[in-house]
1. Using packing as a proxy for protection, rank 178-188, 213-223, 71-81 so that the peptide with the highest average count of other Cβ atoms within 10 Å comes first.
2. Using a 7 Å offset from the Cα along the Cα-to-Cβ direction at both Phe184 and Arg60, what is the distance between the two label points in nm, to one decimal?
3. Under 12 Å from the Cβ of Lys165, count the other residues' Cβ atoms, weight Lys and Arg +1, Asp and Glu -1, and hand me the total.
4. Rg and Dmax of the chain, using alpha carbons, in Å: what are they?
5. Over the stretch 185-347, calculate the relative contact order: mean separation of alpha carbon pairs under 8 Å at least 6 apart, over the residue count, as a percent.
6. Using the per-residue mean of other Cβ atoms lying within 10 Å as a proxy for protection, in what order, highest first, do the peptides 262-270, 165-173, 40-48 fall?
7. Whenever you get a sec, compute what percent of the accessible area on the stretch 185-347 sits on carbon and sulfur atoms (1.4 Å probe).
8. Could you run the Debye sum over the Cα atoms of the stretch 185-347, one equal point scatterer each and no solvent, and tell me log10 of I(q)/I(0) at q = 0.19 Å⁻¹, two decimals?
Amino acid sequence: MTRGWQLVVVATLAVGCGDSGEKPIADSGVDGSGSQTAAARGQYIMNVLAQCTFCHTPLREDGTRDLDKLLAGVDCFVDIDSADFTDNGNGTGCVSTRNLTNDATGLKNATDEQIKNAFRNGIRTDGKKLAPIMPYWVFHNMSDEDADAIVAYLRTVPGVSHTVKPNEPPWTQYNDGTAPMSPFAKPSDIPMPRGGENNQSAMRGRYLAGMAGLCIDCHTPETTPMSFVLDFEKSYAGGRVFPKGSLGLIDPSYPALIMTRNITPDATGLKDWTREQIKSSIAIGKDTEGKAVCAATHGGMISPYAALEPQDLDDIVEYIYNLPPIENDTTTCTDPGCGNCQGPPVQ
Ligand code: HEC
Ligand code: HEC
């Protein structure tokens, strides 16, 4: 679906997001004294946990991420009526991500409340509604502290003058409110771990996976394809379908459409997986057979999740390990050209 995502992945690779936990743009957010500043926390959320940078930073011609334009927005991030999802110039199908930098063409003149209202409630700073490709309906449940940290970080991002290309139909229908907004995820849509609130690590993981991060977005099916409305009866049970380019897969041997996996501990999901195996899939993109997990977010060399704080990763794993099992076979994908994928062995 998105050339943007695909290219950002290539770019992340070039920037050197290693498979050894090497940290790319973001650091852990812990300053020299061992305590974390709000801006550093915001940087970690934006660049690692919630992958905001993934969508909001443009790329150079050679496919490397243009760090001089960090968070400056991507013109025609995706053109949905173009065969390769890049801008075909026909006046329809393009959606752009926004300039979030400290410039008048970005968020410099927006108030803190306006910025938070955009990423948590889906109201753009110009008063229009956001297209739901921007996961405001997940971030709606982000804590005030983390939302404030994002704003604190954004205030430190160097300004870049860049007016993004206007959105085209059908996306403009979201902006003018003729197409419905995606309903905000309710806390009850984000399953409780087995053990409930007593399992504090898993509860922390629940927040990181389903409220401040995007595991739930990719690993939950939509009610109908391209509706951007998730079927929360099947939270984390996989089955959302993505064009492979949106997952950073350019290899022609992969199916054109990739269905995400069921990551609940059902027989159709991760039953019998150890915590270590789940961890390795998420962070370094190595599955139980030692092969590559086919998604940008999990690719060994390209995963922002390689830079997750160890405690955050442990908590996410504890949560996934303790999800209520949901039966959903995500190995058979019926759309033409649709399938699963597995890459070459990971070292
Ligand atoms: C999947 C891609 C994607 C991710 C991930 C993403 N965004 Fe966005 N964002 C978009 C798109 C696309 C738009 C513009 C949509 C539109 O104009 O209708 C947008 C718009 C915004 C806006 C509105 C700016 C304005 O001018 O009103 C803000 C603020 C924002 N995003 C912040 C964030 C933050 C913070 C995160 C991470 C916590 C994030 N985004 C993650 C795609 C993304
Ligand atoms: C951008 C979309 C996306 C996001 C975000 C994402 N995943 Fe995935 N994930 C995928 C895809 C695609 C696959 C592999 C599908 C395939 O191989 O057919 C996958 C595979 C996995 C696997 C391996 C499953 C298996 O059976 O091999 C695990 C475990 C996993 N993801 C957990 C997570 C967790 C936990 C998070 C959040 C920290 C997360 N994912 C975020 C898309 C995503």
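1. 71-81, 213-223, 178-188
2. So the two model labels end up 4.1 nm from each other.
3. -3
4. According to the Cα coordinates of the chain, Rg and Dmax are 18.8, 55 Å.
5. On the way: 323 pairs, mean separation 44.6, N = 163.
So the answer I get is 27 percent.
6. The peptides rank, most packed first, as 40-48, 262-270, 165-173.
7. It is 55 percent, rounded to a whole number.
8. -1.29
The values are calculated or read from the model by the stated rules, or taken from the named source; none is laboratory data. Please read all numbers here as calculations on a predicted model, not as lab measurements. Note that each Cβ is placed from the backbone with ideal geometry, even for glycine, and that neighbours are counted across all protein chains shown. When the accessible area is computed, the model is the full protein with side chains, heavy atoms only, and any ligands, DNA or RNA have been set aside. Shrake-Rupley method; radii C 1.70, N 1.55, O 1.52, S 1.80 Å.
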